[in-house]
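Down below is the structure, laid out as C-alpha cells.
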Amino acid sequence: MIGQLRGKLVYKQVPELMLDVNGVGYELLASMTTFTDLPEIGSETTLFTHFIVREDAQTLYAFGTKNERALFRTLLKVNGVGPKMALAIVSGMTAQEFSQFIHSNDVTALTRLPGVGKKTAERLIIEMRDRLPKIDADDTPPPSTPSAPSQQQIEEEAVTALLALGYKPLQASRMVSSISKENLSAEEMIRLALKASLL
C-alpha cells in the first residue's frame with residue numbers, strides 16, 4: 001500500500017498531477033482542496049495517498065492532509081459512494097464543513113455536490129454520523145502558491161475541472177461565470193465556485 005509520496009511536482013492539470021519520486025513519475029488524481037495548496041511546478045511536495053486497484057484500472061489518489069484522506073476513505077465505506085463521488089465531496093468542502101453538515105442533518109447542502117441526490121445525502125448522514133474521522137487541528141496543508149496565465153485560460157481550466165468533478169457543462173460554466181474575477185488562479189476560482197454552490 002502506497003500511503004505517502006514525497007517528490008518534485010512535474011505536472012498539474014485538475015484533477016490530475018504527476019510527482020517525480022527519485023526518477024519515477026507517479027500519476028495521481030487529487031482533490032480540489034489539495035490542488036489549491038500545491039506549490040509551483042518543479043517544487044518538492046509531500047502528498048498522502050490512497051491506492052485503489054480494480055480489474056480495469058489502478059488509481060492513486062492524492063491528498064494534502066491526513067484529515068482529507070481519512071474522510072475520503074470513510075466515504076468509500078458508504079453504500080453507493082465510489083471514488084469519483086468521494087473525491088467530489090472532499091473537493092467541494094473541507095472535512096470540518098462535511099462533519100458540520102452531517103451532524104446538522106443538512107440534506108440540502110449535501111445535494112448541491114455533484115452526483116449527490118437526496119437519497120444519497122440521507123444515506124451519508126445516517127452512515128457517516130458515527131464514523132466520521134477525528135479532525136486534527138494541527139493537520140495543515142503545504143503553503144499555497146498562486147499561478148497566473150490568461151483570464152480566459154484560467155476560466156476554461158476552472159470549467160474543465162468542474163466537469164471532471166461531475167458537474168454538467170452548462171452548470172459548470174454558470175458556476176464559473178458567477179464568480180469570475182481578475183487576479184484569481186484557476187484553483188481559487190474553482191474553490192469559490194464550489195463554495196458558492198453550497199450557499
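The values are calculated or read from the model by the stated rules, or taken from the named source; none is laboratory data. All values derive from a computational prediction rather than experimental measurement. Neighbour counts are summed over all protein chains in view; Cβ atoms, including those assigned to glycine, are modelled from backbone coordinates with ideal geometry.
Miscellaneous remarks
- Yes/no for ALA109 being at pLDDT below 80 and of a type in the set (Gly, Ala, Ser): no
- Any pair with Cβ under 6 angstrom, 6 or more apart, that starts in the stretch 111-132 at a residue that is outside the structural domain of LEU162 (by TED's automatic domain parsing) and at positive phi and ends at one that is crowded, with 17+ Cβ neighbours inside 10 Å and in a loop (DSSP other than H, G, I, E, B): GLY115/GLY166
- Within the stretch 2-22, considering residues that are on the phi < 0 side of the Ramachandran plot and part of a loop (DSSP other than H, G, I, E, B), the one modelled with the highest pLDDT: GLY3
- Among (1) surrounded by 22 or more Cβ atoms within 10 Å (Cβ to Cβ); (2) in a strand (DSSP E or B); (3) within 10 Å of the chain's Cα centre (by Cα), the one test that THR34 misses: (2)
- Failed item in (1) surrounded by fewer than 13 Cβ atoms within 10 Å (Cβ to Cβ); (2) basic (Lys, Arg); (3) in contact (Cβ under 8 Å) with a residue 12 or more places away in the chain, with ARG73 passing the rest: (1)
- On the stretch given as the stretch 23-49, residues that are modelled with pLDDT of 90 or more, more than 10 Å from ALA62 (Cα to Cα) and of a type in the set (S, T, N, Q) total 2.
- The sole residue among ALA88, ALA109 that is buried (at least 22 other Cβ atoms within 10 Å of the Cβ) and assigned to a helix (DSSP H, G or I) is ALA88.
- Hits in the stretch 61-87 (condition: over 17 Å from GLU127 (Cβ atoms) and small (Gly, Ala, Ser)): ALA62, GLY64
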